[in-house]
Amino acid sequence: MKYRLLVSLLLASPLLVQANDSCSIDPEVLGASYQMTDSDSDKKATMMLWRQHQRVSNQFTQSGITDMWEHTHNGQLRMVRFFDKEQHAIEYQPGEVKYANADSQWQQVHELITDNLKSNMTLVSSSGEGCDKVETYQLTEGDSQLQLEWLPALSLVKSWKNDTDGHVQTWQLTQLIKDENAVNASFKMRDDYQTTDYADIGDSESDPFIAKMINQGYIDHGPSGFYNSEGEDIGHPHHH
């Protein structure tokens, strides 16, 4: 069975992050840059993960699209899709974005992997301590071989490799941003974008920006919340 680590995009439940007294980095306020590679293509893509307590953003630099997810006070998820080149945003209210389970969806965008999948993997080694502690997990199922390097103090993927019948996809953490000001600036910049409510899209199709995004498939009636590095909706990944 094929597995993909996808983010839109492939969220702040207190159960998701365990406190670690030996690590001074706040796992809920950070940025992480990942390089994504695919053996079927010579192209390399970059994804930025930004966490700011109850908000998480998955920023795809090549497509210029950033998906921000926010936990509402009643435990639902609200999504805003930012178009960074146009400095415009589409805001989706809870219930307007399809996902099977709020907790799993939050884990997927917050940690880039769900607890269900990680619990099926085998811990094969552990090294380091504090912020630098790394746990290595593996899973073989069918023609898929998965390997995960996990930073438990930060609830963060260090690296991910999916080899399915010779087709290899990798994610590699290349930079960790611990500066709270830089994290806050990322969210503040997008908060200032012009915003259109998804419910108003039907009345806004004469807007050249809206018409262009609909035509290119970036705005549809109920996106899944999972997109590839080009910002294309690819539906739900497998959760195990």
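Annotations
- Against the criterion of solvent-accessible heavy-atom surface with a 1.4 angstrom probe, HIS110, HIS73 sort, most first, into HIS73, HIS110.
- Equivalent-ellipsoid semi-axes for the range 91-174 (Cα gyration tensor, √(5λ), whole Å, largest first): 24, 18, 12.
- Dimensions (Å) - the range 48-131, Cα atoms, principal axes, largest first: 45, 30, 20
- Sparsely packed loop sites in the range 155-199 (the trypsin sites (Lys or Arg not before Pro) outside DSSP H, G, I, E and B with at most 11 other Cβ atoms within 10 Å) do not occur.
- For the range 49-125, trypsin sites (Lys or Arg not before Pro) are listed when DSSP marks them as loop and at most 10 other Cβ atoms sit within 10 Å of their Cβ; the list is LYS85.
- Annotation note: GluC sites (Glu not before Pro) in the range 79-138 located in DSSP loop regions with a Cβ neighbour count of at most 16 within 10 Å are GLU86, GLU96, GLU129.
The values are calculated or read from the model by the stated rules, or taken from the named source; none is laboratory data. Given the structure is predicted, the values throughout are model-derived calculations rather than measurements. Don't worry about glycine lacking a Cβ; one is built from the backbone with ideal geometry, like all the others, and counts go over all protein chains shown. To get the accessible areas, we keep the full protein, side chains included, count just its heavy atoms, and leave off ligands, DNA and RNA. Shrake-Rupley method; radii C 1.70, N 1.55, O 1.52, S 1.80 Å.
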